Amino acid sequence: MTLLDDITLHVNAGESVAITGPSGSGKSTLLGLLAGLDVPSRGEIRLGGTAFSSLDEDARAARRGELCGFVFQSFHLVQDLTALENVMLPLELQGKPDAESEARRWLTQVGLGERLGHFPTQLSGGEQQRVALARAFVVQPKVLFADEPTGSLDHANGERIAALLFEMNQAAGTALVLVTHDPALAQRCDRQLRLEAGRLHD
């Protein structure tokens, strides 16, 4: 079974690209391939000039840690770590010596400077997604992959997260690949592409 077929996609530094399409069209599969979580059966994924998809799993994970940030619909925070520890985690995995100060700075930037010691279960959905944003940007990624980042939030929190996402992304000059069902969110991107029946359309 072919999930994606004859797709060519270039994303430039600092560019934001929205990928829309019906459920089951392959949007999350495409995002997983771009991020090196999966490898294509044919073709090639290049990231930062490297033939990303031809690397082995450990090498892809290391490259992904260096260059990529992620924001998911369901937050994917570590439940037994505090907000501060969640944001410190990717820096600690990279062996960065200033992990705590950097994590504090980013959490303050997203308005959670007073919630550093709270665990995910003590935070609202909007607050958890702000922790996830801080965690994504703390590594200064070259590309940010966002999969329905406002999908599990109410309208007010969704608007706040969207505003923060694009504000932080623009300030950082990060390439953004955004999967969404929300046409208003997609319109905020530089380009909008639609995935249907495994094919990507302008």
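The values are calculated or read from the model by the stated rules, or taken from the named source; none is laboratory data. This is a predicted model, so every value here is computed, not measured. Positions of Cβ are generated from backbone atoms using ideal geometry, with glycine treated the same way; all protein chains shown enter the neighbour counts. When the accessible area is computed, the model is the full protein with side chains, heavy atoms only, and any ligands, DNA or RNA have been set aside. Shrake-Rupley method; radii C 1.70, N 1.55, O 1.52, S 1.80 Å.
Hey, any hits in the stretch 123-140 for a residue that's basic (Lys, Arg), surrounded by fewer than 17 Cβ atoms within 10 Å (Cβ to Cβ) and outside any loop (DSSP other than H, G, I, E, B)?
The answer is no; no qualifying residue exists.
For the subset of the stretch 12-25 comprising residues that are modelled with pLDDT of 85 or more, in a loop (DSSP other than H, G, I, E, B) and touching a Leu at 6+ places or on another chain (Cβ under 8 Å), which member is nearest to GLU196 (Cα to Cα)?
In this case the residue turns out to be GLY21.
What number of residues in the stretch 113-137 are under 19 Å from GLN73 (Cα atoms), among the aliphatic types (A, V, I, L, M) and without any contact (Cβ under 8 Å) to a residue 60 or more places away in the chain?
Summing the residues that are under 19 Å from GLN73 (Cα atoms), among the aliphatic types (A, V, I, L, M) and without any contact (Cβ under 8 Å) to a residue 60 or more places away in the chain in the stretch 113-137 gives 3.
I'm trying to understand the selection: among the residues of the stretch 75-122, which are on the phi < 0 side of the Ramachandran plot, in a loop (DSSP other than H, G, I, E, B) and among the small types (Gly, Ala, Ser)? Working first, answer last.
Initially, the stretch 75-122 is screened for residues on the phi < 0 side of the Ramachandran plot, giving 77-94, 96-110, 112-122.
Imposing the further condition that a residue be in a loop (DSSP other than H, G, I, E, B) reduces the set to 77-82, 94, 96-98, 110, 112-119.
GLY113, GLY117 - these are the residues of the stretch 75-122 that are on the phi < 0 side of the Ramachandran plot, in a loop (DSSP other than H, G, I, E, B) and among the small types (Gly, Ala, Ser).
Quick one: in the stretch 141-162, which of the residues that are open to solvent by less than 40 Å² (accessible area, probe 1.4 Å) and over 10 Å from the mean Cα position of the chain (by Cα) is nearest to THR29 (Cα to Cα)?
Ranking the qualifying residues of the stretch 141-162, first place goes to THR150.
Whether any residue in the stretch 166-174 is within 18 Å of LEU33 (Cβ to Cβ), outside any loop (DSSP other than H, G, I, E, B) and touching a Lys or Arg at 6+ places or on another chain (Cβ under 8 Å) is what I want to check.
no
Restricted to the stretch 175-191, and to residues that are under 14 Å from the mean Cα position of the chain (by Cα) and in a strand (DSSP E or B), which residue is farthest from SER23 (Cα to Cα)?
ALA175
Considering each residue of the stretch 26-64, count those that are open to solvent by 40 Å² or more (accessible area, probe 1.4 Å), among the hydrophobic types (A, V, I, L, M, F, W, C) and in a helix (DSSP H, G or I), and give that number.
So the answer is 2.
So THR108 clears everything in (1) β-branched (Val, Ile, Thr); (2) open to solvent by 40 Å² or more (accessible area, probe 1.4 Å); (3) in contact with a strand residue (DSSP E or B) (Cβ under 7 Å, 6 or more places away or on another chain) except one condition, right? Which one?
(3)
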